[in-house]
Each structure stands twice: as C-alpha cells, then as structure tokens.
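Just below is one structure, and these are the notes that go with it.
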Amino acid sequence: MPGKRAIEGGTFVTPRAMYRAEVDGVDPSAQDPSIPILDTRAAPNVSVGLGQGDCAQYGQNGQIDLAVILSGFSSVTLELWLLAEIERRELEYPGASSSSSSSPLPTTEEWVYVGEKVVTRSVLWIVKDTPPGQYKVRVGAVTGSGSLQIREGHAA
C-alpha cells in the first residue's frame with residue numbers, strides 16, 4: 001500500500017557507531033561546526049541489504065538511540081538539536097514569504113531545540129518520535145571533570 005513501509009523497516013535500528021569521542025567540556029552552541037551532524041535521513045537498513053537503501057521518506061517518526069558513556073563527570077546535560085531547513089520549497093503556506101525573488105525562503109542553518117537529558121552515569125537515551133533529519137547532540141553543562149563518549153543508532 002502506498003505510504004506504508006515494509007514491516008522489517010519499522011523496527012530495524014542501525015548498528016551503534018561512534019558519534020562523539022573524548023568530549024571534555026561544554027559546547028559553545030548548536031551552531032558550532034566542531035559538533036558533528038548525526039544524519040538520520042538514510043534508511044537504517046542500508047548496510048544489511050534488505051533492498052530499502054533509499055532515504056527515509058515514509059512520513060513516519062523514528063527514534064534516535066544514544067549510548068552515553070561517562071568517565072569522571074558527576075553530571076552532564078545533553079541537548080538534542082534539529083536542523084530545521086525547509087525541505088519542500090514548492091509549497092505556499094499562509095503566512096509564508098511571497099514568491100517574489102526579493103524575499104526568498106531562508107536557507108541558513110537554523111537549529112531548533114528538541115529536548116535534553118541530564119545524566120549522572122552511563123545511560124542509553126532513547127529519543128522517540130523524531131522526524132528523519134540532521135541532528136546535533138550538544139553538551140550544555142558539566143559538573144566535575146572528565147570526558148564522555150556518545151555512540152548512536154537510529155531508526156527512521
């Protein structure tokens with residue numbers, strides 16, 4: 001049926017991969033280019049040969065699984081941010097800028113806050129109901145000294 005994903009695509013999570021290693025302090029902002037982009041638009045089963053290697057276009061929310069490994073810190077606040085780029089420029093919505101060339105739709109990197117989690121030990125942070133997109137995990141605050149690693153897997 002159009003618009004529905006295959007059953008095997010609904011629960012498959014990518015193998016965990018290193019997202020950030022040896023982070024030892026607070027990140028300046030979500031726009032900081034040193035924070036890598038976590039891209040969940042690729043279908044999670046690309047690497048297993050199930051024939052669904054296209055980009056996630058299902059119109060169904062996914063999830064991001066973040067394994068946070070603390071070493072030394074007594075507390076860390078993690079923030080999740082989404083790049084809110086305009087994906088469908090052909091649509092005209094009420095209140096959107098006019099179609100004249102003098103007022104184009106924004107194309108700058110506009111990061112929007114999704115949520116946060118305070119961790120006091122190594123944990124698995126599962127963020128559900130996320131749209132496919134580009135994300136960043138920002139370290140917003142730390143207590144103590146140490147480092148952390150973030151490993152990620154996702155389903156889209």
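The string of couplings for segment 138-144 from the Karplus curve (6.51, -1.76, 1.60, θ = phi - 60°) is 9, 7, x, 7, 9, 10, x Hz, one whole number per residue in order, with x for Gly and Pro.
How much net charge surrounds residue 142 when only the other residues with a Cβ under 15 Å from the Cβ of residue 142 are counted, with Lys and Arg +1 and Asp and Glu -1? Value of the local net charge: -1.
Bear in mind these aren't lab numbers, they're just calculated from the coordinates by the rules spelled out. Being a predicted model, the structure only gives us computed values, none of them experimental. For neighbour counting, all protein chains shown are included, and Cβ atoms are generated from backbone atoms with ideal geometry for every residue, glycine included.
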